[in-house]
Amino acid sequence: MRTTKQQARHAGLLYLVLGLIAPIGLLYVPGKLIVSGNATATADNIRASEWLLRVGIASELIHQTIAVFLVLALYRLFRAVNETHARQLVILGALVSVPIVFVNVLNEIAALALVSGAGYLSAFETPQLDALAYLFLHVHDQGITVVSIFWGLWLLPFGLLVIRSGFIPRVLGVLLLIAGTAYVVAAFATLVLPRYATLISQIALPFEVAELPIIFWLAIWGARSRPTDVTAV
């Protein structure tokens with residue numbers, strides 16, 4: 001049986017790997033391929049670097065698979081603290097969000113198909129195919145916004161569990177609550193208040209990074225031992 005420190009470090013390492021892989025598909029690849037407002041340039045980028053979009057797809061699938069194991073590790077770590085909040089963490093952190101991401105990847109696969117030059121697409125003109133590919137990438141981007149609501153919501157029970165645990169500094173739990181709220185507010189603004197989305201997202205971004213300290217704390221220091229760890233074998 002693992003001690004609390006070992007359980008925490010295991011979760012932290014999973015969290016760290018997820019944090020390293022996720023930006024590839026969510027930030028790096030779109031930044032390299034998508035030219036805002038220009039469907040033709042975006043489609044040309046995909047044709048020239050199809051492999052890069054496939055790397056982005058792999059990144060999303062891998063980091064969400066890791067997310068499943070991460071929330072299970074956190075559930076085992078915190079279930080003795082509060083079973084209800086631990087279950088909420090699993091539901092919001094994996095059972096809801098992971099399927100959304102996996103389905104959303106289909107939009108990127110559709111974009112790849114549209115610029116592939118396949119014979120069955122010959123009924124469409126190239127500008128039409130480019131526009132459709134750009135549309136699917138835009139829908140994918142909006143899908144990430146939708147799932148980021150749950151990426152924020154899962155941090156709320158996570159933060160409460162940290163605060164109540166007694167074996168992880170309470171301030172890290174407070175930071176998780178701040179980050180989770182920022183994620184939700186930014187996503188809501190993007191989807192419902194697009195006129196103010198840019199401003200609100202810029203304000204929310206510094207608060208979203210408040211999620212990072214818990215990753216390094218768990219991976220490096222783990223957690224303080226609980227009394228039960230003394231007899232654990």
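The values are calculated or read from the model by the stated rules, or taken from the named source; none is laboratory data. All figures in this text were calculated on a predicted structure; none of them were measured in a lab. So basically every Cβ, Gly included, is an ideal-geometry build from the backbone, and we count neighbours across all protein chains shown. Remember, those area values only see protein heavy atoms, side chains included, never the ligands or the DNA or RNA. Shrake-Rupley method; radii C 1.70, N 1.55, O 1.52, S 1.80 Å.
Looking across the range 55-80, the residues that are farther than 30 Å from LYS32 by Cα and not hydrophobic (A, V, I, L, M, F, W, C) come down to TYR75, ARG76, ARG79. Every listed requirement among (1) out of contact with any helix residue (DSSP H, G or I) (no Cβ under 7 Å at 6 or more places or on another chain); (2) more than 30 Å from LEU177 (Cα to Cα); (3) at pLDDT 95 or above is met by TYR28 save one, (2). With (1) within 22 Å of GLY12 (Cβ to Cβ); (2) surrounded by 20 or more Cβ atoms within 10 Å (Cβ to Cβ); (3) in contact (Cβ under 8 Å) with a residue 60 or more places away in the chain as the list, and SER97 as the residue in question, which single condition is left unmet? Checking SER97 against (1) within 22 Å of GLY12 (Cβ to Cβ); (2) surrounded by 20 or more Cβ atoms within 10 Å (Cβ to Cβ); (3) in contact (Cβ under 8 Å) with a residue 60 or more places away in the chain, the one that fails is (3). In the range 26-47, the residues that are over 17 Å from ALA58 (Cβ atoms) and in contact (Cβ under 8 Å) with a residue 12 or more places away in the chain form Cβ pairs under 6 Å with partners that are open to solvent by less than 80 Å² (accessible area, probe 1.4 Å) and among the small types (Gly, Ala, Ser), at six or more places apart or across chains, as follows: ALA39/ALA131; ALA43/ALA133. Selection of first residues in the range 71-91 that are more than 10 Å from TRP154 (Cα to Cα) and of second residues that are surrounded by fewer than 16 Cβ atoms within 10 Å (Cβ to Cβ), restricted to Cβ pairs under 6 Å at least 6 apart or on distinct chains, gives the following pairs, ordered by first then second residue: VAL81/ARG164. Residues that are of a type in the set (Phe, Trp, Tyr), assigned to a helix (DSSP H, G or I) and under 17 Å from the mean Cα position of the chain (by Cα) do not occur anywhere in the range 191-205. Does ASP141 satisfy the criteria of being modelled with pLDDT of 95 or more, of a type in the set (D, E, K, R) and within 16 Å of the chain's Cα centre (by Cα)? Taking the combined requirement at face value, the residue satisfies it.
What about VAL35, is it of a type in the set (Val, Ile, Thr) and closer than 30 Å to LEU132 by Cβ? It is true that VAL35 is of a type in the set (Val, Ile, Thr) and closer than 30 Å to LEU132 by Cβ. Given the residues VAL81, VAL71, VAL105, VAL90, which is the only one that is farther than 20 Å from LEU161 by Cβ and crowded, with 16+ Cβ neighbours inside 10 Å? The conditions single out VAL105. Residues that are modelled with pLDDT of 90 or more, among the hydrophobic types (A, V, I, L, M, F, W, C) and open to solvent by less than 80 Å² (accessible area, probe 1.4 Å) within the range 198-233 comprise ILE200, ALA204, VAL209, ALA210, ILE214, ILE215, TRP217, LEU218, ALA219, listed in sequence order.
A quick yes/no check of all residues on (1) more than 30 Å from LEU176 (Cβ to Cβ); (2) open to solvent by less than 10 Å² (accessible area, probe 1.4 Å); (3) touching a residue at least 12 places away in the same chain (Cβ under 8 Å):
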{"residue": "ALA118", "(1), (2), (3)": "yes, no, no"}
{"residue": "GLU125", "(1), (2), (3)": "yes, no, no"}
{"residue": "THR145", "(1), (2), (3)": "no, no, yes"}
{"residue": "SER148", "(1), (2), (3)": "no, no, yes"}
{"residue": "LEU155", "(1), (2), (3)": "no, yes, yes"}
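The set of residues in the range 153-209 that are among the polar types (S, T, N, Q) and closer than 27 Å to ARG9 by Cα comprises SER165, THR181.
Being of a type in the set (Ser, Thr, Tyr), modelled with pLDDT of 95 or more, in a helix (DSSP H, G or I) and open to solvent by 20 Å² or more (accessible area, probe 1.4 Å): is that true of TYR183 here? Yes; evaluated as a whole, the condition is true for this residue. If I ask for residues that are open to solvent by less than 50 Å² (accessible area, probe 1.4 Å), part of a helix (DSSP H, G or I) and more than 25 Å from VAL147 (Cβ to Cβ), which ones from the range 1-42 would you list? Once the filter is applied, which keeps residues that are open to solvent by less than 50 Å² (accessible area, probe 1.4 Å), part of a helix (DSSP H, G or I) and more than 25 Å from VAL147 (Cβ to Cβ), the range 1-42 yields THR4, GLN7, ALA8, ALA41.
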